[in-house]
1. Given the criteria at pLDDT below 95 and not assigned by TED's automatic domain parsing to the domain that holds GLY12, does GLU260 qualify?
2. Name the residues in the range 260-305 that are assigned to a loop (DSSP other than H, G, I, E, B), without any contact (Cβ under 8 Å) to a residue 40 or more places away in the chain, among the hydrophobic types (A, V, I, L, M, F, W, C) and farther than 26 Å from GLU112 by Cα, would you?
3. Can you tell me which residues in the range 64-94 are in contact with a Phe, Trp or Tyr (Cβ under 7 Å, 6 or more places away or on another chain) and either without any contact (Cβ under 8 Å) to a residue 40 or more places away in the chain or part of a loop (DSSP other than H, G, I, E, B) (or both)?
4. Could you tell me which numbered condition LEU24 fails, if it satisfies all but one of (1) out of contact with any strand residue (DSSP E or B) (no Cβ under 9 Å at 6 or more places or on another chain); (2) among the aliphatic types (A, V, I, L, M); (3) surrounded by fewer than 23 Cβ atoms within 10 Å (Cβ to Cβ)?
5. Touching a strand residue (DSSP E or B) at 6+ places or on another chain (Cβ under 8 Å) and outside the structural domain of TRP265 (by TED's automatic domain parsing): is that true of ASP86 in this structure?
6. If ASN156 meets every condition in (1) in a helix (DSSP H, G or I); (2) modelled with pLDDT under 95 apart from one, which number is that one?
7. Of all residues in the range 173-199 being surrounded by 16 or more Cβ atoms within 10 Å (Cβ to Cβ) and either among the charged types (D, E, K, R) or modelled with pLDDT under 95 (or both), which is farthest from CYS225 (Cα to Cα)?
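The values are calculated or read from the model by the stated rules, or taken from the named source; none is laboratory data. Predicted model only: the values in this text are computed from it and were never measured. Note: ideal-geometry Cβ built from the backbone for every residue, glycine included; neighbour counts use all protein chains shown.
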Amino acid sequence: MRLLFITSNRLGDAVLSTGVLDYLVRSHPQARVTVACGPVAAPLFRALPGLEQVISLQKQKNAGHWLRLWRLCIGYRWGVIADLRDSAVSRLLLRRRTVVVSSPPEDRHRLEHLGDVFALPQVPAPRLWFGAGEQATAAAMVPDGPPVLALGPAANWIGKTWRPERFAALAERLTGPCGILPGARIAVLAAGAERDQAEPLLAAIPPARRLDLVGATDPLEAGACLARCALFIGNDSGLMHIAAAVGTPTLGLFGPSLPEHYRPWGEHSSWIRTPLSFKELLSAPDYDPDTTGTLMDGLEVDAVAMAAEALWRRIAERKETA
């Protein structure tokens, strides 16, 4: 049996879709799996059990990427097609079963919506699959030693980015003598193209405790690195969802985006947002999508530090009662 899984072009949404993919793979353990996704997300799936191929879809004019996918898939009869993009392709292929996912309701998290569509008994929590290569890379980049506080200072839109100097102040507080991670190393993760966003933070970290992972990993390797970290704090981004998916305690920072849809998932995760809501931030008189910088300045260092400390205590208490 062949299984076609059509997921997002965006990294964060692709990570969120992995829980459904895990359910499908476990439900059809003999299936040969094809995953179609955006180029940035493609590495996430290379260690997937039963993987036959990953089709990387670079967006083209006149929906040419969908035509390419159809051409690559038309020669097969598919047992199951899961189309999380609600594309025409899934209607134009031979298949026994198709599940198509449309946009979630405003009051539902993306994962809750996926669970509803696939009629699952519980919310399909994201997960990642690692091979020996990713594990070895992570061990080299995040070697054994003191605990690691991981920070994600970048995002795909500057409006969602907390200022690097605030990340630096937060790291100093959390890893200081009275912090929850005294003496911890500090890892900074971002894509290579996001180095300018990360550089001020890197410069503020003492070299002896700094792990510069900016541009050093692909998304799957980043997940393996984050699995070796004690705590992740970062902007609403794909990296935030990767951290939550591997079980690392994760605090997501929100402002001009919707935690109702995209907060990090799991008992080991939490989130905090600016005092002003998404709608309030984007309706401000001086807001201009072409010129406005960060919209996260309402989120103070003290508030984020207290949220991180609360998450840390909550996880510690759960371990004590387990």
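1. Values: at pLDDT below 95: yes; not assigned by TED's automatic domain parsing to the domain that holds GLY12: yes.
Taking the combined requirement at face value, the residue satisfies it.
2. If the condition is that a residue be assigned to a loop (DSSP other than H, G, I, E, B), without any contact (Cβ under 8 Å) to a residue 40 or more places away in the chain, among the hydrophobic types (A, V, I, L, M, F, W, C) and farther than 26 Å from GLU112 by Cα, then ALA284 is the only one that fits.
3. In the first step, residues of the range 64-94 are kept if they are in contact with a Phe, Trp or Tyr (Cβ under 7 Å, 6 or more places away or on another chain); the result is 82, 87-89, 92-94.
Answer for the range 64-94, where residues must be in contact with a Phe, Trp or Tyr (Cβ under 7 Å, 6 or more places away or on another chain) and either without any contact (Cβ under 8 Å) to a residue 40 or more places away in the chain or part of a loop (DSSP other than H, G, I, E, B) (or both): SER87, ALA88, LEU92, LEU93, LEU94.
4. (1)
5. Numbers: touching a strand residue (DSSP E or B) at 6+ places or on another chain (Cβ under 8 Å): yes; outside the structural domain of TRP265 (by TED's automatic domain parsing): yes.
For ASP86, the condition - touching a strand residue (DSSP E or B) at 6+ places or on another chain (Cβ under 8 Å) and outside the structural domain of TRP265 (by TED's automatic domain parsing) - is met.
6. Result: ASN156 fails condition (1) only.
7. Kept after step one, since they are surrounded by 16 or more Cβ atoms within 10 Å (Cβ to Cβ), are these residues of the range 173-199: 173-175, 179-181, 184-191, 194, 197-199.
In the following step, the residues that additionally are either among the charged types (D, E, K, R) or modelled with pLDDT under 95 (or both) were identified as 173, 185, 194, 197, 199.
Details: ARG173: 23, ARG185: 13, GLU194: 18, GLN197: 20, GLU199: 20 Å.
Selected residue: ARG173.
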